[in-house]
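Engineer: Got a structure for you, questions after.
The values are calculated or read from the model by the stated rules, or taken from the named source; none is laboratory data. Since the model is a prediction, treat every value here as computed from it, not as a measurement. Note that we place each Cβ from the backbone using ideal geometry, even for glycine, and neighbour counts take in every protein chain shown.
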Amino acid sequence: MRRILLTAAVATTAALTLTACGTTEPAADDNAKKSGERITLTDANGAKVELDGPAKKVVATEWNVVENLISLGVDPAGVADVKGYKTWGTAVPLKNEPKDIGTRGEPSMDTVASLKPDLVVVTNDLPPAAVKQLRKVAPVLELRAADASDQIGRMNTNLDLIAKATGTTEQAEKVKKRFDAKVAEGKKALADADLDGAKFAFADGYVVSKQVSIRPFTSGSLIGAVNEKIGLKNAWTVKGDKNYGLGTTDVEGLTKLGDVRFAYIGNDGDKNSTPFTGVLAKDSVWKSLPFVKKGNVHRLPDGIWMFGGPESMGKYIDSVVEALTK
C-alpha cells in the first residue's frame, strides 16, 4: 500500500498510531564502544532492545533512519529501496553501496538475514507483522516516524536513540548543533529581508490516474515546524493528520491561500511528482492564483527529503531562504 517516493507517506500516515517513548537505560556512549558494555534501549513501542555493544552493521528500513546513520558516520549495511533514497535523499548521500533489502513497506527478511546485522532500525510505518519477523533475525530498534505535536523534538529523539545504539552520541550533538545554527542563520536572513512573519505555504503534489492531488504541509508537519522556527507564518488552514501533519486538497483549495509565497519540492526522477510545472501549468484556476501571477512560486532543489533528519532540514532552510530572498 506504500508507493515509492512521495506517495508513500499518503498511504501510510493514517496507520501510524504507536506512541513515542524515547527513554534509554543506560545511555550508550564512546566509553561503551571501548569497553564493549551492553546497551539497553527502550524503543517507541516500549520494547527493550539489548545490544552487546555499539552496533556496527546496521540495516535501515526507512530513509530518515538512513540519513541519520550517515550523519552519525555509520554507513548502513542494508537500505530499503536504495534507488529511491538516491533520488530523494541527495541532501545526505550514501557514502557506500549498501545491499538493497526491498521496499520500505515490505523488506525482504531473507536479504536482511543474509547480512547478519547487529541491529535493524525501523519506524512504526512498518507493519507490526514485519517488525515481529525482523526481531527473529536481529535486534530491532523501532522509532516513531513522526509526531505532529512536536516534529522537531521527535526528529532529535530519533537521532539520539540511533546514536546511543551505535555509540555516536558525540556526533549526534554536533549534528543537532549544526541544525540549530542553520535555524538561527535562516531566521536572521529572512528578518534582514523583511520577511519575518511572511505568509508561506509549502506543499508537494502528484498525479495519480491523471488526477492532481496537492498535499499541504501544515504547522504540524516537520517542514511546517521548521518554517515557523525561521520566522515564516504557515498559511494553510486545512487540518493535518496527527502523525505527519499533512493535509489534502486540490487546485481549487489553493484559492483559499490568498496572496502568499508558495514553495514545493518535486523531482525529475519521478515525473508524477511535478504537477506544478506539468499539468497545472495550463490550468486556469492555477494561473489565476495571486502568488502564481506575481511569480511567488518557488521550486526548491530536488532531493531534499521532506521527512528527513537535521541534515535534510538544514538543507531545506538554506534552499527556502535562498528562494525567498533572491
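Engineer: May I ask you to list the residues in the stretch 260-279 that are surrounded by 15 or more Cβ atoms within 10 Å (Cβ to Cβ) and over 16 Å from P216 (Cα atoms)?
Structural biologist: Taking the stretch 260-279 first, the residues surrounded by 15 or more Cβ atoms within 10 Å (Cβ to Cβ) are 260-267, 269-270, 272-276, 278-279.
Scanning the stretch 260-279 gives N267, G269, D270, N272, G278, V279.
Engineer: Something else: Which condition from (1) crowded, with 23+ Cβ neighbours inside 10 Å; (2) of a type in the set (G, A, S); (3) modelled with pLDDT of 95 or more; (4) more than 15 Å from D43 (Cβ to Cβ) is the one that A145 breaks?
Structural biologist: Checking A145 against (1) crowded, with 23+ Cβ neighbours inside 10 Å; (2) of a type in the set (G, A, S); (3) modelled with pLDDT of 95 or more; (4) more than 15 Å from D43 (Cβ to Cβ), the one that fails is (4).
Engineer: While we're here: Considering only the stretch 250-259, I want to know if a residue exists there that is of a type outside the set (K, R), under 25 Å from D150 (Cβ atoms) and surrounded by 20 or more Cβ atoms within 10 Å (Cβ to Cβ).
Structural biologist: To start, the set of residues in the stretch 250-259 that are of a type outside the set (K, R) comprises 250-255, 257-259.
Filter once more, keeping what is under 25 Å from D150 (Cβ atoms): none.
No, the stretch 250-259 has no match at all.
Engineer: Taking the condition of being of a type in the set (V, I, T) and without any contact (Cβ under 8 Å) to a residue 24 or more places away in the chain, how many residues in the stretch 92-130 meet it?
Structural biologist: If we filter the stretch 92-130 for residues that are of a type in the set (V, I, T), which is where we start, we get 92, 101, 103, 111-112, 120-123.
Narrowing further to those that are without any contact (Cβ under 8 Å) to a residue 24 or more places away in the chain: none.
Adding up the residues that qualify gives 0.
Engineer: Quick check on my filter: what residues within the stretch 297-326 are over 30 Å from A145 (Cα atoms) and either hydroxyl-bearing (S, T, Y) or surrounded by 20 or more Cβ atoms within 10 Å (Cβ to Cβ) (or both)? Step through it out loud before you land on a result.
Structural biologist: First, the residues of the stretch 297-326 that are over 30 Å from A145 (Cα atoms): 325-326.
Matches in the stretch 297-326: T325 only.
Engineer: Can you tell me which of (1) assigned to a loop (DSSP other than H, G, I, E, B); (2) under 16 Å from A55 (Cα atoms); (3) within 21 Å of the chain's Cα centre (by Cα); (4) of a type outside the set (G, A, S) is the one D125 doesn't meet?
Structural biologist: Only one criterion in (1) assigned to a loop (DSSP other than H, G, I, E, B); (2) under 16 Å from A55 (Cα atoms); (3) within 21 Å of the chain's Cα centre (by Cα); (4) of a type outside the set (G, A, S) is unmet by D125, namely (2).
Engineer: Which of the residues belonging to the stretch 208-256 are among the polar types (S, T, N, Q) and in contact (Cβ under 8 Å) with a residue 12 or more places away in the chain?
Structural biologist: To start, the set of residues in the stretch 208-256 that are among the polar types (S, T, N, Q) comprises 209, 211, 213, 218-219, 221, 227, 234, 237, 243, 248-249, 255.
Hits for the stretch 208-256 are S213, T218, S219, S221, N227, N234, T237, N243, T248, T249, T255.
Engineer: Give me a count of the residues in the stretch 140-186 that are within 26 Å of T218 (Cβ to Cβ), assigned to a helix (DSSP H, G or I) and among the hydroxyl-bearing types (S, T, Y).
Structural biologist: 1
Engineer: Quick one: which of S149, S108 is over 21 Å from the mean Cα position of the chain (by Cα) and either small (G, A, S) or closer than 23 Å to G308 by Cα (or both)?
Structural biologist: Working: S149 fails: over 21 Å from the mean Cα position of the chain (by Cα).
Criteria check complete, one pass: S108.
Engineer: Does A138 meet the test of being among the small types (G, A, S) and closer than 27 Å to P301 by Cα?
Structural biologist: Numbers: among the small types (G, A, S): yes; closer than 27 Å to P301 by Cα: no.
No; evaluated as a whole, the condition is false for this residue.
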